[in-house]
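Enquirer: Provided herewith is a single structure, encoded as structure tokens, for subsequent inquiry.
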Amino acid sequence: MKILVSLLLLFCLQAQFHCVFAQISPDSALSKLKLGNVRFLNGKSIRPRQDLERVKELSAGQKPFAIIVGCSDSRVPSEIIFDQGLGDLFIVRTAGQVSSYASWGSIEFANAVLGSKLILVLGHTQCGAVSAACKIPDVPGHIVTLINAIKPAAAKAREIPGDLLENAVKINVAMQVKQLQNLEPVLSKAVQSQATKIVGAVYDLSTGKVEFLADNYLEALK
Ligand SMILES: [Zn+2]
């Protein structure tokens with residue numbers, strides 16, 4: 001009940017900015033991202049909704065169609081690799097796309113209040129944070145928070161054949177997808193009711209291609 005009241009308050013707050021809550025389905029959102037990446041890959045980016053007219057339109061409110069939980073790496077800008085524009089993507093970025101309370105709150109806000117029904121956890125090849133977690137070095141300051149969060153994925157990657165970093169990147173994404181799917185109370189309910197989809201993908205730094213992971217990626221490793 002408390003949650004419902006709080007969300008209602010947030011809805012009211014958002015309504016003050018004349019936001020429209022009609023949103024596209026998770027599958028339609030996923031198609032838009034996939035098509036955008038194909039345009040980018042083929043050198044046919046249309047760079048949509050990136051003009052001043054769009055800036056003015058968005059001053060009344062936003063309804064991003066997807067949430068991207070991605071790495072802070074400067075080589076992975078979501079709007080460019082998915083060929084999207086202003087107001088299209090709600091993006092939460094930390095190194096290794098590790099989430100914690102502040103990012104969970106941001107994701108829940110975009111999902112429950114702004115109405116974005118697709119959440120994409122986007123890792124990438126050659127991720128420095130995942131690489132560091134594989135080596136378990138002595139790291140200074142708060143970097144240890146990132147490393148500790150990725151260590152379980154690195155440990156799992158050591159159990160399977162193939163390239164350690166490549167596998168750790170994928171496993172890290174798959175584990176983060178599961179973590180968000182089970183995150184109480186907002187996301188777990190949204191996923192169970194099938195109103196929201198949370199999927200994982202890995203961006204290839206050397207080709208520009210986004211490879212989507214199968215829903216059962218982790219289970220298939222066993
Ligand atoms: Zn990274």
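The values are calculated or read from the model by the stated rules, or taken from the named source; none is laboratory data. Keep in mind that what you see is a predicted model, and the values were worked out from it rather than measured. FYI the Cβ positions are ideal-geometry reconstructions off the backbone, even for glycines, and counts take in every protein chain you see. The area values use the complete protein model at the heavy-atom level, side chains included, leaving out ligands, DNA and RNA. Shrake-Rupley method; radii C 1.70, N 1.55, O 1.52, S 1.80 Å.
Enquirer: Report the local net charge at Ser31: Lys and Arg +1, Asp and Glu -1, summed over other residues whose C-beta lies under 14 Å from its C-beta. Before the final figure, lay out the partial values.
Expert: On the way: positive: Lys32, Lys34, Arg39, Lys117, Lys197; negative: Asp27, Asp83, Asp88.
Neighbour charge sum, excluding Ser31 itself: +2.
Enquirer: Show me the three semi-axes of the equivalent ellipsoid for region 100-171, from the C-alpha gyration tensor (sqrt of 5 times each eigenvalue), largest first, rounded to whole Å. Mind dumping the intermediate values first?
Expert: Values: eigenvalues 146, 54, 16 Å².
Computed over region 100-171, the values are 27, 16, 9 Å.
Enquirer: Which aspartates and glutamates have a Cα less than 13 Å from the Cα of Lys32, not counting those fewer than 8 places away in the same chain?
Expert: Glu79, Asp83, Asp88
Enquirer: Sorted by average packing, counted as other Cβ atoms within 10 angstrom per residue and highest first, what order do 127-139, 43-55, 184-196 take? Spell out each step's value before the answer.
Expert: Working: 127-139: 18.1, 43-55: 12.2, 184-196: 14.7.
Per-residue mean Cβ counts within 10 Å order the peptides as 127-139, 184-196, 43-55.
Enquirer: If you don't mind, another one. Only Lys, Arg, Asp and Glu count, each charged at its Cβ (+1, +1, -1, -1), so figure out the dipole size of the chain about its Cα centre, rounded to 20 debye. Intermediate values should be presented prior to the final figure.
Expert: Working: 23 positive and 18 negative charges, 34 e Å.
For the chain, the charge dipole is close to 160 debye.
Enquirer: Report the gain in length on full extension from Ser31 to Ala195: 0.36 nm times residue separation, minus Cα-Cα distance, nm rounded to one decimal. Please list the in-between numbers first.
Expert: On the way: separation 164, 0.36 × 164 = 59.04 nm, distance 1.62 nm.
Working it through step by step, the gained length comes to 57.4 nm.
Enquirer: Over 10 Å intervals from 0, what percent of Cα-Cα pairs in region 31-165 sits in each interval?
Expert: Answer for region 31-165: a P(r) of 11, 34, 32, 18, 4, 0 percent.
Enquirer: At 10 °C and 1.306 mPa s, grab the translational diffusion coefficient of region 75-137 from Stokes-Einstein with a Kirkwood Rh over Cα pairs, rounded to a whole number in µm² per second. Present the calculation step by step, with values, prior to reporting the outcome.
Expert: Numbers: Rh = 13.3 Å.
Diffusion coefficient, whole number: 119 µm²/s.
Enquirer: Rounded to the nearest percent, how much of the accessible area of the chain (1.4 Å probe, protein heavy atoms only) is carbon and sulfur? Don't skip to the answer; put the middle values down first.
Expert: Details: 6890 of 11660 Å².
Roughly 59 percent of what the probe reaches on the chain is carbon or sulfur.
Enquirer: I'd like to check one number: the per residue accessible area of the chain, probe 1.4 Å, reported in Å² as a whole number.
Expert: Per residue, the chain has an accessible area of 53 Å².
Enquirer: Residue separation times 0.36 nm, minus the C-alpha to C-alpha distance between Arg54 and Val144: what's the value?
Expert: Values: separation 90, 0.36 × 90 = 32.40 nm, distance 4.03 nm.
Difference between extended and current length: 28.4 nm.
Enquirer: Is there a pair in Lys63/Lys156; Lys151/Lys197; Lys135/Lys189 whose C-alpha atoms are over 31 Å apart, and which pairs would that be?
Expert: Values: Lys63/Lys156 37 Å; Lys151/Lys197 26 Å; Lys135/Lys189 36 Å.
Beyond 31 Å: Lys63/Lys156; Lys135/Lys189.
Enquirer: Which one, Ser131, Ala155, Trp104, is farthest towards the positive end of the dipole of the chain when Lys and Arg carry +1 and Asp and Glu -1 on their Cβ?
Expert: Working it through, the farthest residue towards the positive pole turns out to be Trp104.
Enquirer: Still on this structure: Loop sites only, by DSSP: take the chymotrypsin sites (Phe, Trp or Tyr not before Pro) in the chain that have at most 13 other C-beta atoms within 10 Å and name the longest stretch containing none of them. Can you show the working numbers first?
Expert: Values: sites that count: Phe17, Phe21.
In the chain, the maximal stretch lacking such sites is 22-222.
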